[in-house]
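Peer 1: My structure is below; once you've seen it, I'll send some questions.
Throughout, read-outs are computed from the coordinates displayed, never taken from laboratory work. Only a predicted model underlies this, so the values are computations on that prediction, with no experimental measurement involved. Neighbour counts run over all protein chains shown; Cβ positions are idealised from the backbone, glycine included.
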Amino acid sequence: MSSGLRSSLIALFLVALSACGGDNTGPDNGTPQDLSGTYTVVSFSQGTAAGVIVVPGASGTVILTATTYQFAVIVPPLTITDNGTYTATGTPTAGTWTQESTDDPTFQSTGTYAFDSATNRLTLDTTVQGTRNVIVLQGT
């Protein structure tokens, strides 16, 4: 896979991850959150700040430790893999998310996370290189 195509696909995925903001009036209270777990992809959507469209057939796995991520996600017809670090700050249920790839350090995303402990679902709403990505993950 060419580096340009890989970079574009990582950008599509990352997201892992933004409701554009930064005015500190949202759910982020500055408390670091540990979102560790193994998650499967429920849905992946992409678009603009105005809205996103679900990408059919997306699947894969995302593994989070307290500060790192690893993913292998299929966005047909391609499989995207990446590793890096993330920071989640806020409350156990919502906050801000930042992510930086160690495979391709030019890719960084910012956004928000929402975690529903009743369903064990994590939603990452991010923007990377001007593209909004929303990924819903189910904890296993």
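Peer 1: May I ask you to work out the translational diffusion coefficient for the range 50-140 at 20 °C, viscosity 1.002 mPa s, via Stokes-Einstein with Rh from the Kirkwood sum over Cα pairs, reported in whole µm²/s? Working shown, then result.
Peer 2: On the way: Rh = 13.7 Å.
It comes out at roughly 156 µm²/s.
Peer 1: Beta carbons within 10 angstrom, averaged per residue: use that to sort the peptides 99-111, 51-63, highest first.
Peer 2: Top of the packing list down: 99-111, 51-63.
Peer 1: A further question follows. Tell me, what ³J(HN,Hα) does each residue in the range 82-97 have, in order and in whole Hz, if you take phi through Karplus 6.51 cos²θ - 1.76 cosθ + 1.60 with θ = phi - 60° and put x for Gly and Pro?
Peer 2: 6, 9, x, 10, 9, 10, 10, 10, x, 10, x, 10, 6, x, 9, 10
Peer 1: Once fully extended, how much extra length lies between residue 48 and residue 89, figured as 0.36 nm per residue of separation less the alpha-carbon to alpha-carbon distance? Each step should come with its number before you reach the end.
Peer 2: On the way: separation 41, 0.36 × 41 = 14.76 nm, distance 2.38 nm.
Contour length minus Cα-Cα distance gives 12.4 nm.
Peer 1: What list of ³J(HN,Hα) values in whole Hz, one per residue of the range 125-132 in order, does the Karplus curve 6.51 cos²θ - 1.76 cosθ + 1.60 (θ = phi - 60°) give from phi, with Gly and Pro shown as x?
Peer 2: So the Karplus estimates, Gly and Pro as x, are 10, 10, 10, 9, 6, x, 10, 7 Hz.
Peer 1: Moving on to the next point. Taking θ = phi - 60°, what integer Hz values does the Karplus form 6.51 cos²θ - 1.76 cosθ + 1.60 yield along the range 66-75, in sequence order, with x for Gly and Pro?
Peer 2: Each residue of the range 66-75 in turn: 4, 9, 10, 10, 8, 9, 9, 10, 9, 10 Hz.
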